[in-house]
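Data block below; observations after.
The values are calculated or read from the model by the stated rules, or taken from the named source; none is laboratory data. Because the structure is predicted, anything quoted here is derived from the model rather than measured. All Cβ positions, glycine included, derive from the backbone under ideal geometry; neighbour counts span all protein chains shown.
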Amino acid sequence: MKFFINIFLIVSLLICYSCAELDLNPLSEASTDTWYQESDQFELAVNDLYKPAFWLPDDVEWIDDWVNRENLYPITNATIDSEWGVLSTMWSNKYKCITRANTILSFIEDADIPAETKDIIVGNALFVRASQYAYLIDHWGDVVYYTEPLELEDAFSLGRTEKSKIFEQIHKDFDEAISKLPPSYGGKQFATKGAALAMKARSALYQQNWAVAKAAAKACIDLGVYELYPDYGELFKSTVKNPKEMIFAMPASEQFEVFNHWPGINGKWVRGTLPRNAGGHANSYPSYELFCAYPCIDGLPIDESPLYNPREPFENRDPRLSETVVPFGEVHCGFVFYSHPDSMKILNVETGKYVKNQANQAVDRYAPYTGLLWKKGVDEFWIENISRNQNDLIIIRYADVLLMYAEAKIELNEIDQSVLDAVNKVRARAYKVDFTQTTEYPAITTTNQEELRKLVRNERRIELAFEDRRYMDLIRWKLAEKVLNKPVYGLLSSQLLKERIVDNGLWFFPDTPNLDEDGIADFGPMYAAGYYRILSQRQFDASRQYLWPIPSKEILINENMKQNPGY
């Protein structure tokens, strides 16, 4: 069984507390003198730790896989500062959640409840506290650390603790949670042993503690609880609930009116990802760099494979490309999708009639600026509920754990068959074959550390695309200063597109870009040749942006709080 919150309890909490601002005490104004006495009270308090606001993921806006017309954001235009509202909200919500976990732990020891129940309560509180602190040190470095309920004066005077010391405590919390949590539940479901192991592996990976990451990921794998879902594209649909691949996720339900409103496939950009013909805005779409990251079916990158045809760029490509980006000519959200400048009308499949093609810039000036559309996770429910979806919010799944295990082993230079098997299982699933069927997919066979590092990093990019993992990968690999200082490229205006591309037989890609040692495509030469336009210029200040600034209000009210360099 995986981690899933009891939906009825979530609905109850939303009804009771949706109008109340998050505060330092859980469960509205309930008195701690009378509240923490019975099992169901503790269980409800644990559910409160899983408010969606406490688990906001990193945003697709911050990375190189995603384009929103000509727009940039504080991280991608180097204007991030201590006044940024998103940053302040993240900081505040993490500490609200930590405070609530600390409160539960402070009362549970003396509670007269069954030992088994007590273990589950303690395990969940520790799991949550560790996960929240892990996010804080990943993004801010040294942060305020406390494990007991705070008096008001203490809250205004605590300074920052070194992240290395916090990291040690995080893993003590994870280890205790692992020892107390069951692999699965028979009824109510909270965090599991597998969820704690997976999140421990992630926190260690992000801090480059390869040995701990390897051990935790291996332990999660060895539980034998999780397996890859057989169909990659179907996995992300809102109709697929609680698959064995999902280790830790926030559920959504149309029945109970619980929806996710997150970036990526998790919902914030529902209207932004839907085609304009289906009532969407189609203003957020895949970048060309992501599009070019998918290798061909021979396993080679597009600038090396003889199978790649820039005129038919979906052909002979890794199947995950066509499950992530809408292929040209495919029926998507009730319409045949073409962004070709000559396709003035497209078929409405439901009515059988041809309508104006709003994916064509000659018809609609707001047609996708890259000519591409997101497909991953999008289904008919999105059209019916244009501003929300019921896709579960994915925090971590089994494919991620397999790739973390492989990466940790590669960095330790402990390359063996288990590393190849872990990556090949993920890759083979895309081809809907078993990883042992090595003639049916491009199985990885190299044992060279540098080659494997490059392969696994790219595998993470394409496997986890649109799942809010890319930002921290760029940060920890120190690639943000490279990829987030590149231009954002898009299609030419409709007239120039016809003259320079279509009339010369160069649609869709006029040429094949070179990919560098990190698998990053270079569109500079094609831009210089007049084949693309620059939509915007990303900027990333490596001297400061690898850490976020402490929110200004925290600095103003606490003289012991010191700001990160450069802010």
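Picking from I394, I410, I383, I346, which residue would you name as being of a type in the set (V, I, T) and touching a Cys at 6+ places or on another chain (Cβ under 8 Å)? Show your work before the answer.
Values: I394 fails: touching a Cys at 6+ places or on another chain (Cβ under 8 Å); I410 fails: touching a Cys at 6+ places or on another chain (Cβ under 8 Å); I346 fails: touching a Cys at 6+ places or on another chain (Cβ under 8 Å).
Answer to the check: I383.
For segment 298-318, enumerate the residues that are touching a strand residue (DSSP E or B) at 6+ places or on another chain (Cβ under 7 Å) and either among the β-branched types (V, I, T) or on the phi > 0 side of the Ramachandran plot (or both). Break it down stepwise before answering.
First, the residues of segment 298-318 that are touching a strand residue (DSSP E or B) at 6+ places or on another chain (Cβ under 7 Å): 301-303, 305, 307-308, 316-317.
The answer is I302, N316.
So which residues in segment 298-333 are over 27 Å from E350 (Cβ atoms), surrounded by fewer than 17 Cβ atoms within 10 Å (Cβ to Cβ) and charged (D, E, K, R), if there are any at all?
Within segment 298-333, D298, D303, E304, R311, E312, E315 meet the criteria.
Please go through segment 57-75 and pick out each residue that is in contact with a helix residue (DSSP H, G or I) (Cβ under 6 Å, 6 or more places away or on another chain), under 21 Å from Y567 (Cβ atoms) and assigned to a loop (DSSP other than H, G, I, E, B).
Keep residues of segment 57-75 that are in contact with a helix residue (DSSP H, G or I) (Cβ under 6 Å, 6 or more places away or on another chain), which gives 58, 60, 62-66, 73, 75.
Okay, now just the ones that are also under 21 Å from Y567 (Cβ atoms), so 58, 62, 73, 75.
Residues satisfying the conditions are D58, Y73, I75.
Does segment 153-171 contain any residue that is part of a loop (DSSP other than H, G, I, E, B), over 29 Å from P251 (Cβ atoms) and either among the charged types (D, E, K, R) or outside the structural domain of N102 (by TED's automatic domain parsing) (or both)? Steps first, answer last, please.
Applying the first criterion (part of a loop (DSSP other than H, G, I, E, B)) to segment 153-171 yields 156-160, 162.
With over 29 Å from P251 (Cβ atoms) added as a condition, the list becomes 156-160, 162.
If we keep only those that are either among the charged types (D, E, K, R) or outside the structural domain of N102 (by TED's automatic domain parsing) (or both) as well, we get 160, 162.
Yes, that holds for at least one residue.
Is it the case, given these coordinates, that E517 is assigned to a loop (DSSP other than H, G, I, E, B), surrounded by fewer than 16 Cβ atoms within 10 Å (Cβ to Cβ) and modelled with pLDDT under 95?
Working: assigned to a loop (DSSP other than H, G, I, E, B): yes; surrounded by fewer than 16 Cβ atoms within 10 Å (Cβ to Cβ): yes; modelled with pLDDT under 95: no.
Against the criterion (assigned to a loop (DSSP other than H, G, I, E, B), surrounded by fewer than 16 Cβ atoms within 10 Å (Cβ to Cβ) and modelled with pLDDT under 95), E517 does not qualify.
Is it the case that P74 is without any contact (Cβ under 8 Å) to a residue 40 or more places away in the chain and within 22 Å of the chain's Cα centre (by Cα)?
Details: without any contact (Cβ under 8 Å) to a residue 40 or more places away in the chain: yes; within 22 Å of the chain's Cα centre (by Cα): yes.
Judged against the criteria, P74 is a match.
Would you mind stating whether F335 is in contact with a helix residue (DSSP H, G or I) (Cβ under 6 Å, 6 or more places away or on another chain), at pLDDT 95 or above and under 17 Å from A282 (Cα atoms)? Walk me through how you get there before you give the answer.
Details: in contact with a helix residue (DSSP H, G or I) (Cβ under 6 Å, 6 or more places away or on another chain): yes; at pLDDT 95 or above: yes; under 17 Å from A282 (Cα atoms): yes.
Judged against the criteria, F335 is a match.
Return yes when Y471 is over 22 Å from S284 (Cβ atoms) and surrounded by 18 or more Cβ atoms within 10 Å (Cβ to Cβ) and no when it is not.
Working: over 22 Å from S284 (Cβ atoms): no; surrounded by 18 or more Cβ atoms within 10 Å (Cβ to Cβ): yes.
For Y471, the condition - over 22 Å from S284 (Cβ atoms) and surrounded by 18 or more Cβ atoms within 10 Å (Cβ to Cβ) - is not met.
Evaluate the following for K375: is it charged (D, E, K, R) and touching a strand residue (DSSP E or B) at 6+ places or on another chain (Cβ under 7 Å)?
Working: charged (D, E, K, R): yes; touching a strand residue (DSSP E or B) at 6+ places or on another chain (Cβ under 7 Å): yes.
Against the criterion (charged (D, E, K, R) and touching a strand residue (DSSP E or B) at 6+ places or on another chain (Cβ under 7 Å)), K375 qualifies.
Would you mind finding the one in S184, S179 that is under 22 Å from R202 (Cβ atoms) and either in a helix (DSSP H, G or I) or hydrophobic (A, V, I, L, M, F, W, C) (or both)? Explain how you work it out, then say what you get.
Numbers: S184 fails: either in a helix (DSSP H, G or I) or hydrophobic (A, V, I, L, M, F, W, C) (or both).
Selected residue: S179, the only one of S184, S179 that is under 22 Å from R202 (Cβ atoms) and either in a helix (DSSP H, G or I) or hydrophobic (A, V, I, L, M, F, W, C) (or both).
Against the condition in contact (Cβ under 8 Å) with a residue 24 or more places away in the chain and surrounded by fewer than 15 Cβ atoms within 10 Å (Cβ to Cβ), how does K454 come out, does it pass? Let's see the steps before the verdict.
Working: in contact (Cβ under 8 Å) with a residue 24 or more places away in the chain: yes; surrounded by fewer than 15 Cβ atoms within 10 Å (Cβ to Cβ): no.
So K454 does not fit the description; no.
Given the conditions (1) part of a strand (DSSP E or B); (2) of a type outside the set (F, W, Y); (3) at pLDDT 95 or above, report the number of the one that A249 does not fulfil.
Checking A249 against (1) part of a strand (DSSP E or B); (2) of a type outside the set (F, W, Y); (3) at pLDDT 95 or above, the one that fails is (3).
Consider segment 208-220. How many of its residues are surrounded by fewer than 22 Cβ atoms within 10 Å (Cβ to Cβ), in contact with a Phe, Trp or Tyr (Cβ under 9 Å, 6 or more places away or on another chain) and touching a residue at least 60 places away in the same chain (Cβ under 8 Å)?
1
Across segment 179-202, which residue is nearest to L479 (Cα to Cα) among those that are in contact with a Ser or Thr (Cβ under 8 Å, 6 or more places away or on another chain) and surrounded by fewer than 24 Cβ atoms within 10 Å (Cβ to Cβ)?
Taking segment 179-202 and keeping what is in contact with a Ser or Thr (Cβ under 8 Å, 6 or more places away or on another chain), we get 181-185, 192, 199.
Filter once more, keeping what is surrounded by fewer than 24 Cβ atoms within 10 Å (Cβ to Cβ): 182-185.
Details: P182: 38, P183: 36, S184: 38, Y185: 40 Å.
The qualifying residue nearest to L479 (Cα to Cα) is P183.
For the structure I just gave you, tell me whether T79 is at pLDDT 95 or above, part of a helix (DSSP H, G or I) and either in contact with a Ser or Thr (Cβ under 7 Å, 6 or more places away or on another chain) or not basic (K, R) (or both).
Working: at pLDDT 95 or above: yes; part of a helix (DSSP H, G or I): no; either in contact with a Ser or Thr (Cβ under 7 Å, 6 or more places away or on another chain) or not basic (K, R) (or both): yes.
So T79 fails the test.
Run down Y532, Y527, Y489 and say which single residue is out of contact with any helix residue (DSSP H, G or I) (no Cβ under 9 Å at 6 or more places or on another chain) and of a type in the set (F, W, Y). First the steps, then the outcome.
On the way: Y532 fails: out of contact with any helix residue (DSSP H, G or I) (no Cβ under 9 Å at 6 or more places or on another chain); Y489 fails: out of contact with any helix residue (DSSP H, G or I) (no Cβ under 9 Å at 6 or more places or on another chain).
None of the other options fit; the residue is Y527.
For segment 196-213, which residues satisfy the criterion of being more than 15 Å from I410 (Cβ to Cβ) and among the small types (G, A, S)?
So the first thing to find is which residues in segment 196-213 are more than 15 Å from I410 (Cβ to Cβ), and the list is 196-200, 202-203, 206-207, 212.
Those that are more than 15 Å from I410 (Cβ to Cβ) and among the small types (G, A, S): A196, A198, S203.
When segment 319-336 is examined, which residues are found to be over 15 Å from G352 (Cα atoms), touching a residue at least 12 places away in the same chain (Cβ under 8 Å) and not acidic (D, E)?
The answer is P319, R320, L321, S322, T324, V325, V326, P327, F328.
Tell me, which residue of segment 103-148 that is assigned to a helix (DSSP H, G or I) and among the acidic types (D, E) is modelled with the highest pLDDT? Reasoning before the result, please.
Step one: list which residues in segment 103-148 are assigned to a helix (DSSP H, G or I), which gives 103-108, 115-140.
Narrowing further to those that are among the acidic types (D, E): 116, 119, 138.
Numbers: E116: 93, D119: 95, D138: 98.
Checking each candidate, the answer is D138.
Among the residues of segment 520-533, which ones are touching a residue at least 24 places away in the same chain (Cβ under 8 Å) and either surrounded by fewer than 13 Cβ atoms within 10 Å (Cβ to Cβ) or hydroxyl-bearing (S, T, Y) (or both)?
Y527, Y531, Y532
With respect to Y135, determine if the residue is in contact with a helix residue (DSSP H, G or I) (Cβ under 7 Å, 6 or more places away or on another chain) and free of Cβ contacts under 8 Å to residues at least 40 places away in the same chain.
Taking the combined requirement at face value, the residue does not satisfy it.
Take the residues in segment 305-352 that are among the hydroxyl-bearing types (S, T, Y) and assigned to a loop (DSSP other than H, G, I, E, B), then tell me which one is farthest from Y294 (Cα to Cα). Steps first, please.
Residues of segment 305-352 that are among the hydroxyl-bearing types (S, T, Y), as a first pass: 305, 308, 322, 324, 338-339, 343, 351.
From the residues that got through so far, the ones that are assigned to a loop (DSSP other than H, G, I, E, B) too are 305, 308, 338-339, 343, 351.
Working: S305: 12, Y308: 11, Y338: 21, S339: 20, S343: 26, T351: 35 Å.
Taking the candidates together, the pick is T351.
Looking only at segment 353-375, which residues are in a loop (DSSP other than H, G, I, E, B) and over 33 Å from the mean Cα position of the chain (by Cα)? Give the steps one after another, and end with the answer.
At the first step, the residues of segment 353-375 found to be in a loop (DSSP other than H, G, I, E, B) are 357-373, 375.
Passing the criteria: A362, V363.
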